[in-house]
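Encoded as structure tokens, the structure appears first; notes follow it.
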Amino acid sequence: MTASTSGSTQTPNTPATAQTPETPAGQETAETRATAAPSFTDPVDDQRLERVAAALKEKNFDVEILDDATAARARVKDLIPEGAAVFTVASETLRLSGIDEDINDSGRYDSVKARGTAMDRATQMAEIWRMLACPDVVVGSVAAVTETGSLVAASASGSQLPAYAGSAPRVILVVGAQKVVPDLETALRRVDEYCVPLEDERARKVYGVPSALNRLLVLNAEPHPGRATVLLLREAIGF
């Protein structure tokens, strides 16, 4: 039944309908953000980026909001000292931005990826894993970042997770604005419904094998101030 705009008379046997308070125009609440169907591809606006940055800073992450991948590329170069041993994780964000190429092909840094590729996996796998776990700097991205200040990384092999979690002295994460989600539940949905299918497609093309969601890491806070830097971009990049 549609109520008349001029009001109506209610019969005695009809229970009154409880009215839900309306949200004032232009005012977004945590509940409406969480219940709205999320877009996993559209970059969020500056207001939400600032909200994420504030939440991350409260948890001891250093955070910078940058315009685009070009700015991130320049900033990463500033943050890493020449000659440092740097591990770049498999990341479309790093590839598309040129950061992967800058680190692994420029000769400016000691590329952990290049060293590992040249080693014999049959006889030196333990040494490779130690290199990946403890570089001077690990550079990568995450699958999602929440407005409450958590970062979610997903992996098939887990190669980047020890360095992210604490074994690398420095962590730099480059995160596109489309990866911002309201909460951890939505972050896990983004991983499962959006990231995994795209990563599986990429892995089949690049490696000839399927990918899988074998490991998840949630960074809820950074216990060592100054260790981890998150570069939030105003544009969408990677997946």
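The values are calculated or read from the model by the stated rules, or taken from the named source; none is laboratory data. Since we're looking at a predicted model, the values are computed, not measured. Note: ideal-geometry Cβ built from the backbone for every residue, glycine included; neighbour counts use all protein chains shown. Surface accessibility is based on the protein's heavy atoms, side chains included, excluding ligands, DNA and RNA. Shrake-Rupley method; radii C 1.70, N 1.55, O 1.52, S 1.80 Å.
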Would you point out which residue out of Ala187, Ala144, Ala118, Ala221 is open to solvent by less than 60 Å² (accessible area, probe 1.4 Å) and more than 13 Å from the chain's Cα centre (by Cα)? Ala221
Residue hits (the range 105-114; surrounded by 10 or more Cβ atoms within 10 Å (Cβ to Cβ), under 13 Å from Ala84 (Cα atoms) and out of contact with any Phe, Trp or Tyr (no Cβ under 8 Å at 6 or more places or on another chain)) are Ser106, Arg108, Tyr109, Asp110, Ser111
Among the residues of the range 167-184 satisfying the criterion of being touching a residue at least 40 places away in the same chain (Cβ under 8 Å), open to solvent by 10 Å² or more (accessible area, probe 1.4 Å) and over 23 Å from Thr70 (Cα atoms), which is farthest from the chain's Cα centre (by Cα)? Pro169
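One line per residue, one yes/no per condition, for (1) over 28 Å from Thr186 (Cα atoms); (2) open to solvent by 40 Å² or more (accessible area, probe 1.4 Å); (3) assigned to a loop (DSSP other than H, G, I, E, B):
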site	(1), (2), (3)
Ala55	no, no, no
Ala72	no, no, no
Arg75	yes, yes, no
Asp100	yes, no, no
Glu127	yes, yes, no
Val139	no, no, no
Thr148	no, yes, yes
Pro162	no, yes, no
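Rundown of residues vs (1) closer than 20 Å to Ala90 by Cβ; (2) among the hydroxyl-bearing types (Ser, Thr, Tyr), yes/no style:
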| site | (1), (2) |
| --- | --- |
| Ser159 | yes, yes |
| Lys179 | yes, no |
| Asp183 | no, no |
| Glu201 | yes, no |
| Tyr207 | yes, yes |
| Pro210 | yes, no |
| Leu233 | yes, no |
Please tell me if Tyr207 is open to solvent by 60 Å² or more (accessible area, probe 1.4 Å), of a type in the set (Ser, Thr, Tyr) and out of contact with any helix residue (DSSP H, G or I) (no Cβ under 8 Å at 6 or more places or on another chain). yes
On the basis of being surrounded by fewer than 16 Cβ atoms within 10 Å (Cβ to Cβ) and either of a type in the set (Asp, Glu) or under 17 Å from Ala163 (Cβ atoms) (or both), does Gly226 make the cut? yes
Checking the conditions here, which among Glu201, Glu193 is open to solvent by 60 Å² or more (accessible area, probe 1.4 Å), touching a residue at least 24 places away in the same chain (Cβ under 8 Å) and either within 20 Å of Lys113 (Cα to Cα) or not in a strand (DSSP E or B) (or both)? Glu193
